[in-house]
């Protein structure tokens, strides 16, 4: 079960449908949106790295919005292609690591970070966990299995990092940001376990070895 309810996700998709149709009429392609979204998330990671936390959060949330729009444009505009799916998935993996890399740089070089070593380590583990979450879904779908389970999917990670940093920044001594990173890392690790258990149950029930 994801932290963001499915009803909220469906409501968001319905609310953005007029914008999606406008983008289609203007000839904006899914790959264009994917590229802009990747550029925004890299800009977000740079903002995090230099300590501009609110800018980092705002750019991350905007990139997350584009990440949903490119798929909607592809589906509603009948523009789905194998390369588009590959391109989107590849740049999503860049995004999975970029934010935590920027935050790790901030923890390394900013003065007065209270738990510097622990915060950097949490970022490194968070990168691995986030990439694993995404890889497990892609690998399962390559085997013909659905694997969208887990408490911290990509949307949850973007909202969980973007909203708090936009609203409150890093906090004194980086404590707020460190807490956010640790919580997201733990949730991502839990999601890895959930996806592993899910695929095991499905394949065992089907008699697949």
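Summary table below
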| quantity | calculated |
| --- | --- |
| Residues of the stretch 136-167 that turn out to be in contact (Cβ under 8 Å) with a residue 12 or more places away in the chain and assigned to a helix (DSSP H, G or I), as a count | 18 |
| Flag for residue 97 being over 12 Å from residue 158 (Cβ atoms) and under 11 Å from the mean Cα position of the chain (by Cα) | yes |
| Residue satisfying all of: in the stretch 84-126; outside any helix (DSSP H, G or I) and in contact with a helix residue (DSSP H, G or I) (Cβ under 6 Å, 6 or more places away or on another chain); nearest to residue 184 (Cα to Cα) among these | 115 |
| Residue in the stretch 180-208 that is surrounded by the fewest Cβ atoms within 10 Å (Cβ to Cβ), counting only those that are out of contact with any helix residue (DSSP H, G or I) (no Cβ under 9 Å at 6 or more places or on another chain) and free of Cβ contacts under 8 Å to residues at least 24 places away in the same chain | 207 |
| Single unsatisfied condition, residue 78 versus (1) within 30 Å of residue 174 (Cβ to Cβ); (2) in a loop (DSSP other than H, G, I, E, B) | (1) |
| Residue within the stretch 17-40 that is within 16 Å of the chain's Cα centre (by Cα), buried (at least 19 other Cβ atoms within 10 Å of the Cβ) and more than 22 Å from residue 79 (Cα to Cα) present | yes |
| The stretch 81-109, residues that are surrounded by fewer than 17 Cβ atoms within 10 Å (Cβ to Cβ) and over 21 Å from residue 135 (Cβ atoms) | 81, 108, 109 |
| Single unsatisfied condition, residue 176 versus (1) under 13 Å from the mean Cα position of the chain (by Cα); (2) surrounded by fewer than 20 Cβ atoms within 10 Å (Cβ to Cβ); (3) assigned to a helix (DSSP H, G or I) | (1) |
| Neighbours by Cβ (under 6 Å, 6+ apart or cross-chain): first from the stretch 39-56, on the phi > 0 side of the Ramachandran plot; second assigned to a helix (DSSP H, G or I) | 51/106 |
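Each reported figure results from applying straightforward, stated rules to the coordinates on display, with no laboratory input. Please read all numbers here as calculations on a predicted model, not as lab measurements. FYI the Cβ positions are ideal-geometry reconstructions off the backbone, even for glycines, and counts take in every protein chain you see.
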